1. Pick out, in residue order, every one of the GluC sites (Glu not before Pro) in the stretch 191-293 that is DSSP loop and has at most 16 other C-beta atoms within 10 Å; say none if there are none.
2. Would you be so kind as to identify which of Ile36, Trp283, Ile180 lies farthest towards the positive end of the dipole of the chain, taking Lys and Arg as +1 and Asp and Glu as -1 on Cβ and the Cα centre as origin?
3. Between the stretch 31-48 and the stretch 168-183, what is the separation of their alpha carbon centroids in Å?
4. Are there chymotrypsin sites (Phe, Trp or Tyr not before Pro) in the stretch 66-105 that DSSP marks as loop and that have at most 12 other Cβ atoms within 10 Å, and which are they?
5. Solvent-accessible area of Glu25, probe 1.4 Å, all protein chains present, reported in Å² to the nearest ten, please.
6. What does the helix-only formula give at 222 nm for the chain: each DSSP H stretch with n ≥ 4 adding -39500 (n - 2.57), the total divided by the residues, and the result rounded to the nearest 500 deg cm²/dmol?
7. Using +1 on the beta carbon of Lys and Arg, -1 on that of Asp and Glu, and nothing else charged, what's the dipole of the chain about the Cα centre, debye to 20?
8. Give me the three principal axis extents of the chain from the C-alpha atoms, as integers in angstrom, largest value leading.
Amino acid sequence: MIYINENYIKLPGSYLFSDVARKVEEFKAANPNAKIIKLGIGDVTKALPSAAIRAMHLAVDEMADASTFRGYGPEQGYDFLVNTIVENDYKAHGLDIAADEIFVSDGSKSDTGNIGAILGLDNVVAVTDPVYPVYVDTNAMAGRAGNLLQNGRWSKLVYVPCTIENDFVPELPKEKVDIIYLCYPNNPTGTTLTRDQLKIWVDYAIENKALILFDGAYEAFITEDDVPHSIYEIEGAKDVAIEFRSFSKTAGFTGTRCAYTVVPKTVMGYTKLGEKVALNRLWNRRHTTKFNGVPYIIQRAAEAVYSPQGKKEVKDIIDYYLDNAKIIRKGLSAQGLNVYGGINSPYIWVKTPDGMTSWGFFDYLLNDLNIVGTPGVGFGPSGEGYLRLTAFGTLENTKEAVGRFSKISIQ
Ligand code: MLT
């Protein structure tokens, strides 16, 4: 007899982006001539920086020669990449992160999803609402979320609403929580926290011996000075926060797969008897047991992102997407729509017009304007009445989509 993990049958039928993709495929089959513009899933459209491509070509040649061939590498990442990350993303900003606190991986989706493996099932988990669905679904799979209720919430999760009413700034939960997921710049709302606003959460974590799982996948899009690039800019965060960073949105690695997670050796968890254990040790054990490292070729490409040429190219790519975001914000605002985010982020969070539901607005955009967005409610109950657009399309498609929005009549 094979017993299953019954937590999986508590989950909604499929992952949000699979639902959206299925709806789009159905529409395409019924309307083969429609020119669909996809501003739904946050997948990039610009090619990889040429510095990364060149590095990959060289690495492929090394793999072709037995004297330079590489087999298994260190699971945590090759020194050449880890040291480059430490120097550029931390030391250069006055932040003291050591090489053995960095774990190179195949993505922040995997790492934010897998980190729960080293954390007890009794922890009370808080998520902002709306939220990147991976945090919720993976806690549900582990059995930490309880049951899915009629109102779209999981019985054991603590939801921290982020809506127009609170300017998308999450307030501390009334109940005591042990694990807090924060993603800033935020997916899906595209909004940010200032250093002072983030400090409130770090102080809470210190006071309550809680852990912050800080997803900084969109860090490269920050344009404003008072927005922190790393949670370790906040005093005390090195004792309570794990940070996830990714090359996906920064350098176009969505299909190439490379990211890293920072687990400072000072972040502690506790046994039931109150004994302190460094989470770095546990994550190292998990990572080396279940993961065999990012391919050498890809790590060389990631390293090249930090070369002078790579940095210049990445800046141009980010500027291109931020220009798209500006075009979307401006165009939709001119139509009388309320839009948020898109200044330090590739995501624009749009309030649906005329009190439409998220899925209602999604269907309208798909059927009438042939534009694909992501329904806000798919990110959590507080996302109802919103829709997310991405700035990751091409400039041409972005302009075309904004032009199509002018057909909307808002009451
Ligand atoms: C999104 O659209 O939210 C992202 O593409 C998801 C991801 O990075 O996995």
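The values are calculated or read from the model by the stated rules, or taken from the named source; none is laboratory data. Since the model is a prediction, treat every value here as computed from it, not as a measurement. Heads up, the Cβs are rebuilt from the backbone with ideal geometry, glycines too, and the neighbour counts pull from every protein chain shown. We work out accessible area using only protein heavy atoms, side chains counted, and drop any ligands, DNA or RNA first. Shrake-Rupley method; radii C 1.70, N 1.55, O 1.52, S 1.80 Å.
1. Values: sites: Glu207, Glu219, Glu224, Glu233, Glu235, Glu243, Glu275; in loops: Glu224, Glu235, Glu275.
Loop-located and lightly packed - Glu224, Glu235, Glu275.
2. Most positive-ward Cα: Ile36.
3. 34 Å
4. Details: sites: Phe69, Tyr72, Tyr78, Phe80, Tyr90, Phe103; in loops: Phe69, Tyr72, Tyr78.
Sparse-neighbourhood loop chymotrypsin sites (Phe, Trp or Tyr not before Pro): Phe69, Tyr72.
5. Accessible surface of Glu25 is approximately 90 Å².
6. Numbers: 12 runs with 137 residues, N = 411.
So the helix-based figure for the chain works out to -10000 deg cm²/dmol.
7. Working: 42 positive and 49 negative charges, 147 e Å.
Its charge dipole is roughly 700 debye.
8. 59, 55, 53
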